[in-house]
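Here the structure comes first, spelled out in structure tokens, and everything after it is commentary.
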Amino acid sequence: MWGTLVICGFCQLWDSVRDIHRLCLSPAASSWCSTVSTVHSYPLSQLFVGSEGTLGVICCATLRVHRRPERESVIFLATESFPAAVRVVDEAKKFLQQSLRAAEFLDSSAMHASTTFLPDCTHPFPQLRTTAAQHDQNGLTFVLLEVGGSSAVHDAELCEVFLERLTDADIIVDGTMSYEASHLGKLWKLREGVPSALRRAFGGVYKYDLSFPVAEMYDIVQEMRGYCRHHASQFRADALQGKAPLEEPIPYVTGFGHVGDGNVHLNIALPTYSRDVGVMLDDIVYNAAIRRGGSISAEHGVGICKALRMDDIHSPEVLRSMHALKAALDPKGILNPGKVLC
């Protein structure tokens with residue numbers, strides 16, 4: 001698993017960029033745009049990481065790469081609440097240390113979606129399987145930890161001792177481990193298959209990529225689930241016309257993501273897709289995220305639509321600096337116009 005999924009072991013891709021060779025459209029900047037950044041200069045290469053092609057054309061990049069672990073293991077856990085899931089990850093960071101590669105979570109609604117709407121996706125804890133009426137009411141939160149190392153015996157013992165510690169401390173409800181490649185994929189599918197499961201079952205899925213401090217990252221999901229439950233009548237008009245399992249709550253709200261770095265994916269599923277509903281939900285979700293001190297864009301960038309929100313999340317001074325930098329490196333404004341900055 002790559003990208004943000006393995007942030008616990010390898011940090012953000014941002015941190016792995018050692019140099020970028022790029023072509024800028026400003027004659028004043030061309031003299032330094034192809035040089036290697038050092039400790040004796042500003043880290044200019046970092047300006048281009050995440051700039052979404054608005055500051056220059058990247059021709060070549062030098063990255064720090066990591067050797068793939070010889071052995072990979074997955075620990076899949078059930079906890080009674082999101083705070084308990086955060087505690088599990090904290091314990092994993094302390095006990096597993098460098099062996100911990102990924103820390104993911106999915107709530108009960110996300111687990112229900114994967115195990116109900118995806119073929120060949122079974123619940124690892126059948127006794128905890130919920131009904132359509134239960135999954136958005138309980139606090140069950142599931143945690144996936146990926147562990148990588150070079151010694152089969154050492155890794156197995158490490159994972160087993162860690163699972164015993166969690167059980168003895170009464171932090172988890174249940175847990176399982178796997179070292180076989182085929183079973184690892186099935187456990188990962190429970191987490192990574194949530195978007196596909198929602199697309200299979202519902203006509204419209206509204207997706208939000210947000211970030212908060214880890215301990216607070218699930219609050220936005222609970223707030224939106226409460227809002228949707230309270231205003232359910234305004235979403236039900238198209239319930240019989242669109243595509244949705246009639247026994248499921250409408251809207252169907254799920255939360256899952258990267259508990260290692262506070263990146264939560266909030267998905268709201270409805271029977272049909274409506275641009276007007278999307279605009280309404282965007283306003284509600286983004287305003288709530290900003291009010292909570294979070295970011296409305298975590299790993300998926302700003303793009304065009306979120307560029308309209310830059311005034312809400314940055315001060316006038318920051319925006320003036322960003323526009324000045326854009327003008328210096330792209331004086332004609334032809335690099336990805338409309339992205340990041342309007």
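Within the range 116-143, restricting attention to residues that are open to solvent by 30 Å² or more (accessible area, probe 1.4 Å) and of a type in the set (Gly, Ala, Ser), which residue is modelled with the highest pLDDT?
Out of the qualifying residues, it is GLY139.
Would you pick out the residues in the range 303-330 that are open to solvent by 60 Å² or more (accessible area, probe 1.4 Å), in contact with a Cys (Cβ under 9 Å, 6 or more places away or on another chain) and part of a loop (DSSP other than H, G, I, E, B)?
Answer for the range 303-330, where residues must be open to solvent by 60 Å² or more (accessible area, probe 1.4 Å), in contact with a Cys (Cβ under 9 Å, 6 or more places away or on another chain) and part of a loop (DSSP other than H, G, I, E, B): just ILE304.
Kindly indicate the residue of the range 91-107 that is touching a residue at least 12 places away in the same chain (Cβ under 8 Å) and open to solvent by 30 Å² or more (accessible area, probe 1.4 Å) and also nearest to the chain's Cα centre (by Cα) among those meeting that condition. Reasoning before the result, please.
Applying the first criterion (touching a residue at least 12 places away in the same chain (Cβ under 8 Å)) to the range 91-107 yields 91-93, 95-96, 98-107.
In the following step, the residues that additionally are open to solvent by 30 Å² or more (accessible area, probe 1.4 Å) were identified as 91, 93, 95, 98.
On the way: GLU91: 21, LYS93: 19, PHE95: 24, GLN98: 21 Å.
Here the answer is LYS93.
Taking GLY333, is it part of a loop (DSSP other than H, G, I, E, B) and within 30 Å of ALA201 (Cα to Cα)?
On the way: part of a loop (DSSP other than H, G, I, E, B): yes; within 30 Å of ALA201 (Cα to Cα): no.
When the stated conditions are applied, GLY333 does not pass them.
Can you tell me which residue among GLU146, GLU160 is surrounded by fewer than 14 Cβ atoms within 10 Å (Cβ to Cβ), acidic (Asp, Glu) and at pLDDT 90 or above?
On the way: GLU146 fails: surrounded by fewer than 14 Cβ atoms within 10 Å (Cβ to Cβ).
Result: GLU160 is the single residue among GLU146, GLU160 that is surrounded by fewer than 14 Cβ atoms within 10 Å (Cβ to Cβ), acidic (Asp, Glu) and at pLDDT 90 or above.
Identify all residues within the range 82-99 that are out of contact with any helix residue (DSSP H, G or I) (no Cβ under 8 Å at 6 or more places or on another chain) and more than 16 Å from PHE125 (Cβ to Cβ); write none if there are none. Steps first, please.
Going through the range 82-99, the residues out of contact with any helix residue (DSSP H, G or I) (no Cβ under 8 Å at 6 or more places or on another chain) turn out to be 82, 84-85, 87, 90, 94, 97.
If the condition is that a residue be out of contact with any helix residue (DSSP H, G or I) (no Cβ under 8 Å at 6 or more places or on another chain) and more than 16 Å from PHE125 (Cβ to Cβ), then PHE82, ARG87, ASP90, LYS94, GLN97 are the ones that fit.
Inside the range 296-342, can you point out the residues that are at pLDDT below 85 and of a type in the set (Asp, Glu)?
Listed by number, the residues that qualify are GLU299, ASP311, ASP312.
Does ASP282 satisfy being at pLDDT below 90 and of a type in the set (Asp, Glu)? Let's see the steps before the verdict.
Details: at pLDDT below 90: no; of a type in the set (Asp, Glu): yes.
So ASP282 fails the test.
From the list ALA110, ALA156, which one is within 23 Å of the chain's Cα centre (by Cα), more than 17 Å from GLU247 (Cβ to Cβ) and of a type outside the set (D, E, K, R)?
Values: ALA156 fails: within 23 Å of the chain's Cα centre (by Cα).
So the residue among ALA110, ALA156 that is within 23 Å of the chain's Cα centre (by Cα), more than 17 Å from GLU247 (Cβ to Cβ) and of a type outside the set (D, E, K, R) is ALA110.
I need a count of the residues in the range 163-172 that are of a type in the set (A, V, I, L, M) and either open to solvent by 40 Å² or more (accessible area, probe 1.4 Å) or touching a Gly at 6+ places or on another chain (Cβ under 8 Å) (or both).
So the count comes out to 3.
Out of curiosity, is ILE250 without any contact (Cβ under 8 Å) to a residue 24 or more places away in the chain and under 27 Å from THR141 (Cα atoms)?
On the way: without any contact (Cβ under 8 Å) to a residue 24 or more places away in the chain: yes; under 27 Å from THR141 (Cα atoms): yes.
Spelling it out, ILE250 is indeed without any contact (Cβ under 8 Å) to a residue 24 or more places away in the chain and under 27 Å from THR141 (Cα atoms).
Just to be sure I understand the filter: pairs with C-beta atoms under 8 Å, separated by 6 or more residues or on different chains, first member in the range 301-319 and touching a residue at least 24 places away in the same chain (Cβ under 8 Å), second member basic (Lys, Arg). Which pairs pass?
From the range 301-319, the pairs are VAL302/LYS339; GLY303/LYS339; ILE304/LYS339; ALA307/LYS339.
The values are calculated or read from the model by the stated rules, or taken from the named source; none is laboratory data. Since the structure is predicted, the reported quantities are computational estimates derived from the model, not experimental observations. Heads up, the Cβs are rebuilt from the backbone with ideal geometry, glycines too, and the neighbour counts pull from every protein chain shown. Only protein heavy atoms, including side chains, enter the accessible area calculation; ligands, DNA and RNA are left aside. Shrake-Rupley method; radii C 1.70, N 1.55, O 1.52, S 1.80 Å.
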